[in-house]
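Please read the structure below before turning to the comments.
What follows draws every value from the coordinates through simple rules; no lab data is involved. Keep in mind that what you see is a predicted model, and the values were worked out from it rather than measured. For neighbour counting, all protein chains shown are included, and Cβ atoms are generated from backbone atoms with ideal geometry for every residue, glycine included.
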Amino acid sequence: MKYTIEISIAGCSTNCAHCYVDGGFAPYMSFENYKICIEKLKPLLKVLGNSASVTLGNELFCNPYIDKILEYNITQLGNHFSYSSYYVPTTGIALLARKDKEKILELLKKCGAKGFMLALHGDEGVHNSIVNNIIAYKKLFETENFVSKYGFDMLFNIIVSKKLLNNFEKNLSCVQETQKSARLTVPVFVPTNRMRKYQSIRADVSDCLKIAKISDRFGIDTLNLLKHCNEHTELAVKELICNGKYDYLKDKKNSPEWVFVNVTRDLNVYYGNVGAHTEYIGNLKDLSEAQLIDSICKLSSNYDYTSYFLDETFLKIDGLIHSVNADDKVYPSVPDCLYSLLDKAGVKNLII
């Protein structure tokens, strides 16, 4: 079993329509609380060993003490904290506003960071509208320029939506001018109010085919997007279920054995994945070392499927979604399609 413990140390400088962690402005975690958090987690990490990792959320540069936090992680967490296997996600806005940004970049290098990831939603008007910040688009390219000078790789994470097609070729030309990597990403679906609202601009199959055709001309890999179009729509998944070709137990058995836990700014510990809490475990100030270890080690995987709905729900899903009007909006996985179908059917989810 793998374990990821995410510590929410700040809010965000944007408020993205597709954000599955309900981003936007929020108080930051004090450095004192952060030190308490790590000290309480260290015995648990010792028990879990190399199977456990610690990550930081949301926009880490919004925390005024991120320099101290990174320095503390380097001395206290060892291999449990590292950016070596993934890009540092950022909007760039908070980073560029900091006086100590050069120092932070050096600290990130010590934490194994090799690159940054910038989410792009479309042209300037579309991007700023979706992320709810009028300087966001401009800051993306300023961040790319600034960070690249310090030797970091850059990945433009192009978020697929209906609005992406607005001036898409012109926008891709801007990305291509930076000579940085780019990929297409289909947003997840989580049964929250924010994600329900985002459905109005979720791309359908025809949108994705147009996006793929244009992206291909710019040398961006479209194989995954085309696969999503064929396999990851409500219509495709509902057809599998109705034809008896969907085997939940087999799919669950093959899904990663991975537990996700979140620690909030107030040191509350929750079981939950992709920004959604499904069970309250306790507060780190109150939990003893033994209680925390026992609670976490008893948790089952919540990588997918049972992240948001009871296990038994998927065993009787054919009856639950039989009368649901499925559509051809595109999702990143079969579980996302199932979450959406169950949400449409009015099935109660586990989100607190």
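To the nearest 20 debye, what charge dipole does the chain have about its Cα centre, counting +1 at the Cβ of each Lys and Arg and -1 at the Cβ of each Asp and Glu?
On the way: 41 positive and 40 negative charges, 91 e Å.
The dipole of the chain has a size of about 440 debye.
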### Task
Express the C-alpha Rg of the stretch 156-257 as a ratio against the empirical globular expectation 2.2 N^0.38 Å, rounded to two decimals.
1.26
### Task
Sequence neighbours fewer than 8 away in the same chain don't count; with that in mind, list the lysines whose C-alpha is under 17 Å from Lys103.
Lys68, Lys114, Lys149
### Message
Order 279-287, 232-240, 108-116 from most to least packed using the mean count of other Cβ atoms within 10 Å.
### Response
232-240, 108-116, 279-287
### Summary
At 25 °C and 0.890 mPa s, the Stokes-Einstein diffusion coefficient in µm²/s for the stretch 83-185, with hydrodynamic radius from the Kirkwood sum on alpha carbon pairs, is 175 µm²/s
### Query
Excluding Lys163 itself, what net charge comes from residues whose Cβ is under 11 Å from its Cβ, given Lys and Arg +1 and Asp and Glu -1?
0
### Signed unit charges on C-beta, dipole axis of the stretch 83-185, positive-most listed residue Ser148, Asn133, Leu105
Leu105
### Task
Go through 129-135, 157-163 and give me the packing order, highest mean Cβ count within 10 Å leading.
157-163, 129-135
### Residue-by-residue Karplus 3J(HN,Hα) for the stretch 31-38, coefficients 6.51, -1.76, 1.60, Hz, glycine and proline x
5, 4, 5, 5, 5, 4, 4, 5
### Under 15 Å from the Cα of Lys109 - aspartates and glutamates, other chains or at least 8 residues apart
Asp67, Glu71, Asp100, Asp153
### Query
Given H placed on each backbone N at 1.01 Å, which residues far from Ile7 in sequence or on other chains put an amide H within less than 5 Å of it?
Thr55, Leu56, Gly57, Val263
#### Entry: Ellipticity estimate at 222 nm from DSSP helix runs (n ≥ 4, -39,500 (n - 2.57)) divided over the chain, nearest 500
-12000 deg cm²/dmol
### Message
Checking the a/c ratio against 1.5 first, then a/b against b/c, what shape does the Cα gyration tensor give for the chain?
### Response
oblate
### Query
Points 7 angstrom from Cα along the Cβ direction at Tyr86 and Asp221: gap in nanometres?
1.7 nm
### Summary
By the C-alpha gyration tensor axes a ≥ b ≥ c (rounded if a/c is under 1.5, else prolate when a/b exceeds b/c, else oblate), the shape of the stretch 221-296 is prolate
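For every other residue with a beta carbon closer than 14 angstrom to the beta carbon of Val263, add +1 if it is Lys or Arg and -1 if Asp or Glu, then tell me the sum. Spell out each step's value before the answer.
Details: positive: Lys35, Lys40, Lys42, Arg265, Lys285; negative: Glu6, Glu39, Asp266, Glu279, Asp286.
Overall, the nearby charge balance is 0.
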### Query
Structure shown: which of Lys46/Lys101; Lys101/Lys162; Lys245/Lys329 lie over 24 Å apart, alpha-carbon to alpha-carbon?
Lys46/Lys101; Lys101/Lys162
### Over the stretch 226-352 - Rg/Rh using Cα atoms and the Kirkwood inverse-distance radius
1.04
### Message
Under the rule of at least 5 residues apart or a separate chain, name every residue whose amide H is placed under 5 Å from the amide H of Asn283.
### Response
Val269
### Message
Relative contact order for the chain: what percent, with Cα pairs under 8 Å and sequence separation of 6 or more?
### Response
20 percent
### Message
So for the stretch 83-185, averaging the separation of alpha carbon pairs under 8 Å that are six or more residues apart and normalising by length, what relative contact order in percent results?
### Response
31 percent
### Message
Check which residues have an amide H placed less than 5 Å from Phe116's amide H, if you skip close sequence neighbours.
### Response
Val88, Asp153, Met154, Leu155
### Query
What is the distance in Å between the Cα centres of the stretch 1-77 and the stretch 293-333?
27 Å
### Query
Which percentage, to the nearest 5, of the DSSP beta bridges contained in the chain is antiparallel?
25 percent
### Message
Cβ neighbours within 10 Å, averaged per peptide: list 165-173, 10-18, 318-326, 28-36 in order, most packed at the top.
### Response
10-18, 28-36, 165-173, 318-326
